[in-house]
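Q: Below is one structure. I have some questions about it.
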Amino acid sequence: MSASHLFGDQTIVDALAGTGEFAHTFGGEPDRDDARPDCTHGIRLHLLYRFDLTDPLVPIAVPGLKWLPLYYVFDFRANEVGYTLHSDASMTTYFPTDDENVSSDESWPSDDFPMVFPSHSIELAAHSFDPKNLDDAAQWAGVFGIRHLADDQLAELKRLIDAHCDEIGDYPPEGDDFYDYLCSPLWQGTPNNCCINPGCENNSKPQSLNVLALVPHDPIPGLEIWGGAYVQTIFEICPLCYTIRSSNQCG
Ligand SMILES: [Zn+2]
């Protein structure tokens, strides 16, 4: 089992199975009617987490909301889903219209894939992170970037990456290619997504979203959310309209 992470401004919080003071949960039925298949073009959304935003450990706020649900679509008819949370009772769901790599029929990561994940209590714990520390910045560069590092730390990081390339027989990166090596902990780098809300200014702006959460393939003891495959589920949030966009990356 591995912790899921919630991200705020230079802040990391771990989400783990356990009972704390707040009623955060994993799994269970969708928390609002708009997330049920008859409101989502027949495509089932799975509720992963539901966080209580009044917990001071939650590193983000969404205006007008107490509850923050993290939904993902495991039916291969969509690889990504977005949703705007209007209140604790309603939301609007969007699926990308330009994704060709989807199935035309309902299909799932495994034959016995659960239609609802079993419900668990979740507690949060602060995760130590110093954006000015070289190791921390490199470890979480795919989420936060490395803009808080000093010039001498950047030079050291470049030296370490060059040495790593040398070790594995690769050419050292030139120019901005250096940043391609700074995607940790995301396997394929920071998603290059626009806001999926068609009414938002960021709808046509790639890289306009902030990484909100990262869910591993095994977030709960004894549960593999991708039927045993090693897949990261990533949630991004638009800083203008708070629409959430979830996607996945394979190792
Ligand atoms: Zn937006």
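The values are calculated or read from the model by the stated rules, or taken from the named source; none is laboratory data. These figures come from a predicted structure and were not determined experimentally. Note that we place each Cβ from the backbone using ideal geometry, even for glycine, and neighbour counts take in every protein chain shown. Just so you know, the surface numbers come from the protein's heavy atoms only, side chains and all, with ligands and any DNA or RNA stripped out. Shrake-Rupley method; radii C 1.70, N 1.55, O 1.52, S 1.80 Å.
Q: Using a cut-off of 17 Å between alpha-carbon atoms, which aspartates and glutamates can reach Lys132, once sequence neighbours fewer than 8 places away in the same chain are excluded?
A: Answer for Lys132, where 17 Å is the Cα cut-off: Asp9, Asp151, Asp152, Glu156, listed by chain and number.
Q: Taking the Cα-to-Cβ direction at Asp98 and at Thr11 and moving 7 Å from each Cα, how far apart do the two end points lie in nm?
A: 3.4 nm
Q: Can you work out the Karplus-derived ³J(HN,Hα) for every residue in the range 6-11? Use 6.51 cos²θ - 1.76 cosθ + 1.60 with θ = phi - 60°, whole Hz, and x for glycine or proline.
A: 10, 10, x, 6, 6, 9
Q: Now, a different point. Using only Cα atoms and rounding to the nearest 10 degrees, what angle (0 to 90) does helix 151-168 make with the longest principal axis of the chain?
A: Helix 151-168 sits roughly 90 degrees off the main axis of the chain.
Q: Per DSSP helix of 4 or more residues, -39500 (n - 2.57); summed, then divided by the residues of the chain. What does that give at 222 nm, rounded to the nearest 500?
A: Working: 3 runs with 28 residues, N = 251.
Here the helix-only value at 222 nm equals -3000 deg cm²/dmol.
Q: Here's a follow-up. Could you give the accessible area per residue of the range 24-173, probe 1.4 Å, as a whole number in Å²?
A: On the way: 7630 Å² over 150 residues.
Result: 51 Å² of accessible area for each residue.
Q: Springs between alpha-carbon pairs under 10 angstrom, Gaussian network model over the chain: which of Gly189, Gly18, Gly142 fluctuates most?
A: Gly18
Q: Where in the range 230-251 is the amide nitrogen less than 17 Å from a point lying 7 Å along the Cα-to-Cβ axis of Phe76?
A: The answer is 230-232, 248-251.
Q: Ignoring ligands, DNA and RNA, what percent of the 1.4 Å accessible area of the chain is carbon and sulfur? Could you put the intermediate results ahead of the total?
A: Numbers: 5800 of 12200 Å².
Answer for the chain is 48 percent, counting heavy atoms of protein chains only.
Q: A further question on this structure: Let's test the formula: R0 of 41 Å, r as the Cβ-Cβ distance of Asp151 and Cys39. What FRET efficiency results, to the nearest 0.05?
A: Numbers: r = 52 Å, r/R0 = 1.26.
Once rounded, the FRET efficiency stands at 0.20.
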